[in-house]
Amino acid sequence: MNKVVVIGCGKVGMTYIFALVNGENNVSEIVMIDTDINKLEGEKMDLCHTLNYVPNNIKLKVGDYSDLDDADIVCITAGPPQSDNDRLEDLEKAKKIYQDIFDKINKTKFNGILLIASNPLDVMSYYAYRLSNLPSKHVIGSGTSLDTSRLGYMISEKLNINPKSIHAYVIGEHGNSQLVMWSSANIANQNIDKFLTKEEMKKLEEDVKNAAFEIIKRKGATYYGIAMSLIRITNAILGDEEVVIPVSNYDEENDVYISTTCVIGRDGIKQRIYMDLNEEEKEKLQISIDVVKNAINSLK
């Protein structure tokens, strides 16, 4: 019996819930929390009409913060609409939303895993950790899991190779200072430079970084990609998969949340995997850490 509570049921939250309902997983109850109760009742009615055709027996509920007491995962997708150029522009609005949310969370008995999907992602993951009473391993940001998926897709389209056979990670900020670990990227244990030129790598890195903004220009928001990234992390937690995913996690040395590759299981982040970086990548990662840290300091 696994219970997932979603706080913030806009496009991202509802797409995540819809994927949970229709996926092969061991979720038994989904609770939806949002300020617009009337809309949530409509969403619940619509979703309940799918239950005859879904693989699992799932209970759907429009709830409140008391439902967090026995929740296994609380996923927070609440936040302001994403800006067109830089996720950090949303910081002050996101801060106010989170202060209200955690005033309520901290009055509950919640002791599960917090999964953060609000932008600016790394800053809000750090803020959630500091506002909560949870250990850092239980506060996970979706981080560059989505950027990594985008990268795999774009490389696969260029090379006509299934993205599941492409091993390349985006790390750092889920934002404009993110970087690709090209030095360790490989296909069938062959370094990626046997398949791509430096110019092609540079363009792919820029395309991944700008992907969200290109989608927003065309349809106003992104939600399918992030929802499936959240599903992947959710399944890793509930299934105790001990799988490696790049997520935003607490870097104690720098007192910052930043995306690195981590082993994810039932108890949250079980291990940070420190992959070898070349000198250029180390410099880029430090720049990314500094960008997020400066934004965090502006909250204090």
*Across region 129-148, which residue is nearest to ASN210 (Cα to Cα) among those that are surrounded by fewer than 24 Cβ atoms within 10 Å (Cβ to Cβ) and of a type in the set (A, V, I, L, M, F, W, C)?*
LEU131
*Working only within region 189-232, note down all residues that are touching a Lys or Arg at 6+ places or on another chain (Cβ under 6 Å) and either over 18 Å from HIS167 (Cα atoms) or assigned to a strand (DSSP E or B) (or both).*
ALA211, ALA221, TYR223
_Odd one out for ASN249, checked against (1) out of contact with any Pro (no Cβ under 7 Å at 6 or more places or on another chain); (2) surrounded by 19 or more Cβ atoms within 10 Å (Cβ to Cβ); (3) at pLDDT below 95_ = (3)
_Filter result for the condition that a residue is over 20 Å from ASN254 (Cβ atoms) and touching a Leu at 6+ places or on another chain (Cβ under 8 Å), over LEU115, LEU68, LEU91, LEU134_ = LEU115
_Candidates ASP64, ASP90, ASP103 - the one that is of a type in the set (Asp, Glu) and either surrounded by 19 or more Cβ atoms within 10 Å (Cβ to Cβ) or within 21 Å of VAL263 (Cα to Cα) (or both)_ = ASP90
*Would you pick out the residues in region 24-50 that are within 20 Å of the chain's Cα centre (by Cα), buried (at least 16 other Cβ atoms within 10 Å of the Cβ) and over 27 Å from GLN99 (Cβ atoms)?*
ASN25, VAL27
*asked:* Among the numbered criteria (1) at pLDDT 95 or above; (2) surrounded by fewer than 20 Cβ atoms within 10 Å (Cβ to Cβ), which one does TYR274 miss?
replied: (1)
*asked:* Just the residues that are hydroxyl-bearing (Ser, Thr, Tyr) and either over 21 Å from the mean Cα position of the chain (by Cα) or within 18 Å of LYS202 (Cβ to Cβ) (or both), please, taken from region 145-159.
replied: THR148, TYR153, SER156
*What about ILE226, is it in contact (Cβ under 8 Å) with a residue 60 or more places away in the chain, surrounded by 19 or more Cβ atoms within 10 Å (Cβ to Cβ), in contact with a helix residue (DSSP H, G or I) (Cβ under 8 Å, 6 or more places away or on another chain) and closer than 18 Å to HIS174 by Cα?*
yes
*Is it the case that VAL256 is closer than 19 Å to CYS75 by Cα, hydrophobic (A, V, I, L, M, F, W, C) and either at pLDDT 95 or above or out of contact with any strand residue (DSSP E or B) (no Cβ under 6 Å at 6 or more places or on another chain) (or both)?*
no
*From LEU115, LEU151, which residue is surrounded by 16 or more Cβ atoms within 10 Å (Cβ to Cβ) and touching a Gly at 6+ places or on another chain (Cβ under 9 Å)?*
LEU115
_All positions within region 184-202 that are surrounded by 14 or more Cβ atoms within 10 Å (Cβ to Cβ) and either touching an Asp or Glu at 6+ places or on another chain (Cβ under 6 Å) or not hydroxyl-bearing (Ser, Thr, Tyr) (or both)_ = ALA185, ASN186, ILE187, ILE192, ASP193, PHE195, LEU196, GLU200, MET201
*Are any of the residues in region 148-164 closer than 30 Å to MET1 by Cα, at pLDDT 95 or above and touching a strand residue (DSSP E or B) at 6+ places or on another chain (Cβ under 8 Å)?*
no
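The values are calculated or read from the model by the stated rules, or taken from the named source; none is laboratory data. Quick caveat: nothing in here was measured; it's all calculated off a predicted structure. Heads up, the Cβs are rebuilt from the backbone with ideal geometry, glycines too, and the neighbour counts pull from every protein chain shown.
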